[in-house]
Structure formats: structure tokens, C-alpha cells
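The values are calculated or read from the model by the stated rules, or taken from the named source; none is laboratory data. These numbers come from a predicted model, not from an experiment. So basically every Cβ, Gly included, is an ideal-geometry build from the backbone, and we count neighbours across all protein chains shown.
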Amino acid sequence: MTETESASESPEGGYGGLLGAFPYAVRRSESWLFRSYVVCAAVVAAFLSVVFTLALVQQLGATAGERFSIARAFVILVGLAAVAPTVTPVLLVARSHRRGADRRRGYEVGLALSGYLFVASLYGLVVATAPEQFQQTPQGLFAPLVSALYALPSTYALGIPAAGAAVIAGAHYARR
């Protein structure tokens, strides 16, 4: 380890929490695909955090007179369910490198691909739950997929990101 690397890390050789895990994972990763996912995960997680924070502020304003509102708790729960799997591959790789764990070949690539799949599954959830007045006639290469997502009942649409999160867990356990 060089002097610049040791000076930028915390005294115990770690990454200093959630925000420090992102640059740590970029520095330590051997996969360019995973490095690109770290950047993508940071942007998507920041965007989702802003969106769900604004949604919570809106809910606080709408339910200002109430002592307890399930809607507030639901916004927080859905926000965590969207952000946590987005950053999980980054945290797993950072933890793996911090501990010096020997991983199978392709561990970082597998987590990057499963992370990208989860981000795509969030988009699939948005498409599947779009109200009819916002649905357009699908055209192009992905027209059959978009049509299938439009036809999916909204209650089943939650299975799309749940499956994406399960793929992240499966990639971690299969490659560790």
C-alpha cells in the first residue's frame, strides 16, 4: 500500500462508513465494470434519496395534524427498499477487500451485473405501475417487454425489484 492510499483511509484501514465505501470500492476493485457500477449506484442512490426525502416532506405536510400516519412509515420503508439493494454490491465488495477475503474469480463482475439488473428492475417497476393515462404505445426493440409490463397487474409489479434484489444475493453467495 502506498502512502497516499494509507493517508486517505481511516486509521483502522477501513473505509469509514457508507459514504467512504464508494471511493474505497473504486480504488480497490479490479473490475472496470464494477467501477462503473459504483458510479451508477452513487448517482441512482442519491437520486432515490432525494426523491424519497421529498416524498416524505410532502407526506409530513399532508398529514400534519395526525399523530401517527402509516403513510409516513410506508414512504420510509419503500425508500429503504429501493436504496439498500442499490448500494449493497458496493458495500459487499468494499467489505470483502477490507477483510482481505479471497473471492472466486468474477465476484465483482457478478455483483456489478446483478446491481445493474436491480437498477433496471426499478425502471421496470416504474413502467409496470404507470397509470393508463401515462402509458404510450410501445415501439421499437423493447415493445414486447414494455407491453408485458403494462399488462402486469400493479400488485405483481413489486416482484420485479424483489427478484432483482434476490439476484444480488444469489450472485454474492454463488461467487464468495
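Points worth noting:
- R103 meets each of the listed conditions (1) more than 12 Å from the chain's Cα centre (by Cα); (2) under 22 Å from L158 (Cα atoms) apart from (2).
- None of L125, L158 is modelled with pLDDT of 90 or more, surrounded by 14 or more Cβ atoms within 10 Å (Cβ to Cβ) and under 24 Å from V38 (Cα atoms) except L125.
- Every test in (1) assigned to a helix (DSSP H, G or I); (2) without any contact (Cβ under 8 Å) to a residue 40 or more places away in the chain is passed by A64 save one, and that test is (1).
- Exclusive hit being basic (K, R), within 30 Å of R35 (Cα to Cα) and free of Cβ contacts under 8 Å to residues at least 60 places away in the same chain, set R99, R176, R104: R99
- Options A165, A151; residue that is among the small types (G, A, S), out of contact with any Leu (no Cβ under 8 Å at 6 or more places or on another chain) and surrounded by 13 or more Cβ atoms within 10 Å (Cβ to Cβ): A165
- Of the residues making up the stretch 61-108, just one is aliphatic (A, V, I, L, M) and touching a His at 6+ places or on another chain (Cβ under 9 Å), namely L92.
- Restricting the stretch 22-66 to residues that are over 12 Å from A82 (Cβ atoms), of a type in the set (V, I, T) and under 13 Å from the mean Cα position of the chain (by Cα), the residue that is surrounded by the most Cβ atoms within 10 Å (Cβ to Cβ): V38
- Positions within the stretch 1-28 being closer than 19 Å to G100 by Cβ and either assigned to a helix (DSSP H, G or I) or modelled with pLDDT of 90 or more (or both), in sequence order: E5, S6, S8, G20, A21, P23, Y24, A25, V26, R27, R28
- Test for A73: is it over 23 Å from A166 (Cα atoms) and in a helix (DSSP H, G or I): yes
- Residue match in the stretch 124-137 (condition: more than 16 Å from A169 (Cβ to Cβ), part of a loop (DSSP other than H, G, I, E, B) and touching a Phe, Trp or Tyr at 6+ places or on another chain (Cβ under 7 Å)): yes
- Number of positions in the stretch 117-176 that are of a type outside the set (A, V, I, L, M) and out of contact with any helix residue (DSSP H, G or I) (no Cβ under 6 Å at 6 or more places or on another chain): 21
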